[in-house]
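First comes the structure, then the notes that go with it.
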Amino acid sequence: MLARTRSTPREQRGDPTRRRRTAAAAASTLALAGTWAWAARGLPEVVLPSPWDTLRVMGQLAADGTLFTELGTTLLRVLTGAALGVLAGVTAGTLSALSPVAAGALDPIRVLLTGVPPVVVVMMAMIWLGPGGTVVVLAVVAVLLPQALVATEDAVRRVDPELTEMSRAFRVPWHWLVRHVGLPSVAPPVIAAVAVSLSGGLRLGLMAEVLAAPDGVGAAVSTARGYLETARVFAWAGVAVLFAVVVDALVLRPVRRRTSAWLESA
């Protein structure tokens, strides 16, 4: 019983530091909303809509189903690009860490993807492929792939070589070696890098939709801007922010916690 109590996460026991942080975040959010409402007083909606105007439009978008349709389209593109980018990056990073030849062959690709601004990738994809959802997917891949590659390569190279050699000397099965030596060293930095990059991938995906996609949240922002529907622009921006917050709270944080717990039990 004592051991179980000690191993219980602090947040599950009502960590006062976490409560203070949550309270500070709530107070800051209310202060920002109040400042926004005060700044919007007396201004026309086309210049600066109030929080109430923005919430009203968000409610309309949810009521007619537009919000869920466009958000689902954007989510599918971002997740597809993220999955492809992470898979390619982890594979390339592992090969680069284990093989000097692969490292030499992949270095130019890494430098290119790291150095070229993602907006250039969007523009070139539009020239080669034309406007469409594929451009958005490629833009997200361009963000996630180099981050996953660098994080994986660095993590694999940091695996303790003495543990690896000892495992080989004792003829330890490769799956045990990967499970108990490789993953505990590689998984945390890779997951951290991917989690940080996902927010950037989402923002770039929205920008790519503004420029190149016929549908999605970014395309809806572009259409609203063209008709000077500022409240609609703010509403879609609010949807994007809320979506990012929900994904971080319900997906990224639990994944990080469960991964840490799994690695500690390995």
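The values are calculated or read from the model by the stated rules, or taken from the named source; none is laboratory data. Everything numeric here is computed off the predicted structure, so don't read it as measured data. Backbone-built Cβ (ideal geometry, glycine too); neighbour counts: all protein chains shown.
With respect to Glu264, determine if the residue is more than 16 Å from the chain's Cα centre (by Cα), exposed (fewer than 14 other Cβ atoms within 10 Å of the Cβ) and either closer than 24 Å to Gln147 by Cα or modelled with pLDDT under 90 (or both). Judged against the criteria, Glu264 is a match.
Of all residues in the range 30-58, those satisfying the criterion of being assigned to a helix (DSSP H, G or I) and either within 26 Å of the chain's Cα centre (by Cα) or within 11 Å of Ala231 (Cβ to Cβ) (or both) are Leu30, Leu32, Ala33, Pro51, Trp52, Asp53, Thr54, Leu55, Arg56, Val57, Met58. Checking each residue in the range 95-127 for being surrounded by 14 or more Cβ atoms within 10 Å (Cβ to Cβ) and closer than 30 Å to Gly182 by Cα picks out Leu95, Ser96, Ala97, Ala102, Ala103, Leu106, Ile109, Arg110, Leu113. Under 6 Å between Cβ atoms, at least 6 apart or on separate chains: pull out the pairs that start in the range 43-67 with a residue that is surrounded by fewer than 11 Cβ atoms within 10 Å (Cβ to Cβ) and end on any residue that is not in a helix (DSSP H, G or I). Short answer, once both residue conditions are applied: Val46/Leu228.
The lone criterion from (1) surrounded by fewer than 16 Cβ atoms within 10 Å (Cβ to Cβ); (2) within 15 Å of the chain's Cα centre (by Cα) left unmet by Val178 is number (2).
Every residue, every condition in (1) part of a helix (DSSP H, G or I); (2) more than 20 Å from Ala83 (Cα to Cα); (3) at pLDDT 80 or above, yes or no:
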| site | (1), (2), (3) |
| --- | --- |
| Ser167 | yes, yes, no |
| Ser197 | yes, no, yes |
| Pro214 | no, yes, yes |
| Ala235 | yes, yes, yes |
| Leu252 | yes, no, no |
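Considering only residues in the range 68-94 that are crowded, with 21+ Cβ neighbours inside 10 Å and under 25 Å from Trp236 (Cβ atoms), the one that is farthest from the chain's Cα centre (by Cα) turns out to be Glu70.
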